[in-house]
Amino acid sequence: MNRRERLLEEMGLGPVWRLRENRERQRAPDGPPPPSAPRRPAPPRFDPAPGIKGSAKVDLADDRAARILRMEWPELKSAVKSCEACGLRKTCTQTVFGVGDEEADWLLVGEAPGAEEDTRGEPFVGQAGRLLDNMLAAIGLSRGENVYICNVLKCRPPGNRNPEPFEVAQCSPHLLRQLELIKPKLILAMGRFAVQTLLGTEASIASLRGRLHRYQGVPLIVTYHPAYLLRNLPDKAKAWEDLCFARAAVAGL
Ligand code: SF4
């Protein structure tokens, strides 16, 4: 089994891929051709679900937000490090700014740091991070190469509780500025909270998958959070569909 097959197997997709290869090998020299491969899906198009407002709120009239939105990378990183705009900095170990290629085509956005991220200062580490790395590798991407990863919130909510609206409002300018500086081709929003925050909706991930949305004008695709996939193995196949959809979208943008 090669590396790609191992990655797909870990995502619960190995048998599907081996089946196609076997069909090619099993074709008799003078026999009928094997069933044709599935037709390529039509190029993704913008198709937001009804009720999508298309952005988390950033009050541009607010002085603090306006200041953040003028910052370059060094200033922004230092502003996040010393930020105490909501109560979360008092209870977390450190801020978790984000990691990766600052000129990436792909921006991956999750909810907030968990316990391990809080300890290490990097988003998506531990078991969920390893799964994410393997998912990226399966479509030819890797953390740090044309990919940037961050969260809506830069500080860990105590006990991994859901973020409060005030905390999201205070931290959203940081994310928006990261987005403006990176200028990605596509945002992959991972997990219910990130999806609902960025799209300003309470709709489920299931109802929002498979469509091209926008956040602040940037195309956005939704998928499940890797930590959720670790608990719900059958949904790995759906996450794989989302990644393939995202890859096709980036290729067509
Ligand atoms: S979560 Fe965001 S707004 Fe709140 S203290 Fe941390 S960096 Fe500041």
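The values are calculated or read from the model by the stated rules, or taken from the named source; none is laboratory data. Because the structure is predicted, anything quoted here is derived from the model rather than measured. Surface accessibility is based on the protein's heavy atoms, side chains included, excluding ligands, DNA and RNA. Shrake-Rupley method; radii C 1.70, N 1.55, O 1.52, S 1.80 Å.
Points worth noting:
- Volume per residue of the C-alpha convex hull in the range 133-253, rounded to whole Å³: 115 Å³
- In the assembled protein chains, Lys81 presents an accessible area of approximately 150 Å² (probe radius 1.4 Å).
- Bins of 5 Å from zero: percent of alpha-carbon pairs in the range 73-191: 2, 12, 23, 26, 19, 13, 4, 1
- Hydrodynamic analysis of the range 170-209 uses the Kirkwood radius over alpha carbon pairs. Inserted into Stokes-Einstein at 10 °C and 1.306 mPa s, it gives a translational diffusion coefficient of 142 µm²/s.
- Mean separation of Cα contacts under 8 Å (6+ apart) over length of the range 96-146, as relative contact order %: 48 percent
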